[in-house]
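Just below is one structure, and these are the notes that go with it.
The values are calculated or read from the model by the stated rules, or taken from the named source; none is laboratory data. All figures in this text were calculated on a predicted structure; none of them were measured in a lab. Cβ atoms come from the backbone with ideal geometry, glycine included; neighbour counts cover every protein chain shown. These accessible areas exclude ligands, DNA and RNA; they are computed on the full protein's heavy atoms, side chains included. Shrake-Rupley method; radii C 1.70, N 1.55, O 1.52, S 1.80 Å.
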Amino acid sequence: MEQRIIHACGHEQAHHLTGFDSQQERKAKWLKTTTCRDCFVAEKRAEEVAAAASSSAAVSHLVLPPLTGTDRQISWASTIRTKRLAALTNSNSDADWYACLQVTDAKWWIDRRDLTDIDLMAAAAQASEVQSATAVTASITDMHRTA
Ligand SMILES: [Zn+2]
C-alpha cells in the first residue's frame with residue numbers, strides 16, 4: 001500500500017510498501033531516517049561536483065594530452081581520466097602511472113573505467129608497448145619501401 005513518509009530532510013514522499021504489516025512498519029520506520037529521493041540525488045550530485053573539482057586540482061600540474069574520439073566519448077573519458085590520474089598520482093611513483101598519461105584514446109579510458117589502479121596501470125603499459133611496437137613495424141615497413 002502507498003504511504004506518505006516524512007523523511008529526515010523534512011520532505012514528504014509517497015512510498016509503495018509491500019510485505020506483511022510488520023515488514024511495512026519496519027520499512028516505513030527506516031525510510032523516516034533517510035533523506036527523500038530528491039535530496040539523495042542532490043547530495044550525490046554535490047558530492048560528484050566536489051570530487052571532480054578536487055581531482056582537477058590534483059592533476060592541474062600535469063600536461064594532459066588531448067583525447068581522441070567522439071565529443072561524447074571525450075567528455076566522458078576526460079572526467080574518468082582526471083579522476084583516475086588524481087588517485088594514481090597521489091599514491092604511486094611517476095613511472096607507474098606515466099603510461100596512463102600517454103593514452104589518448106577516449107574509448108580506452110571508458111572501457112577501463114572500472115579497473116583497479118594496478119590493472120589500469122598495467123593496461124596502459126601494455127597499450128604503450130603496442131603503440132611503440134606498431135611504430136617500429138611502421139618504420140621497418142618504411143625502410144623496406146625506401147630500400
Ligand atoms: Zn528531501
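Quick notes on this structure:
- Test: residue in the range 25-38 that is open to solvent by 80 Å² or more (accessible area, probe 1.4 Å), assigned to a loop (DSSP other than H, G, I, E, B) and more than 24 Å from ASP111 (Cβ to Cβ): yes
- Residue count, the range 79-103 (criterion: out of contact with any helix residue (DSSP H, G or I) (no Cβ under 8 Å at 6 or more places or on another chain) and at pLDDT 95 or above): 0
- Candidates in the range 60-74 are the residues that are open to solvent by 60 Å² or more (accessible area, probe 1.4 Å) and either among the hydroxyl-bearing types (Ser, Thr, Tyr) or touching a residue at least 40 places away in the same chain (Cβ under 8 Å) (or both); of these, the one that is nearest to VAL103 (Cα to Cα) is THR68.
- Search result, residues across the range 57-76 that are at pLDDT 95 or above and of a type in the set (S, T, N, Q): THR68, THR70, GLN73, SER75
- Which listed residue is open to solvent by less than 90 Å² (accessible area, probe 1.4 Å), within 16 Å of the ligand (Cβ to nearest atom), at negative phi and out of contact with any Phe, Trp or Tyr (no Cβ under 7 Å at 6 or more places or on another chain), from ALA8, ALA57: ALA8
- THR18 polar (S, T, N, Q), away from the ligand (no atom under 16 Å from the Cβ) and more than 30 Å from ALA8 (Cβ to Cβ): no
Matching residues to (1) of a type outside the set (Ser, Thr, Tyr); (2) open to solvent by 80 Å² or more (accessible area, probe 1.4 Å); (3) touching a residue at least 60 places away in the same chain (Cβ under 8 Å):
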| position | (1), (2), (3) |
| --- | --- |
| VAL41 | yes, no, no |
| GLU47 | yes, yes, no |
| ALA52 | yes, no, no |
| THR82 | no, no, no |
| ILE110 | yes, no, no |
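- Search result, residues across the range 93-108 that are surrounded by fewer than 17 Cβ atoms within 10 Å (Cβ to Cβ) and more than 17 Å from GLU129 (Cα to Cα): SER93, ASP94, LYS107
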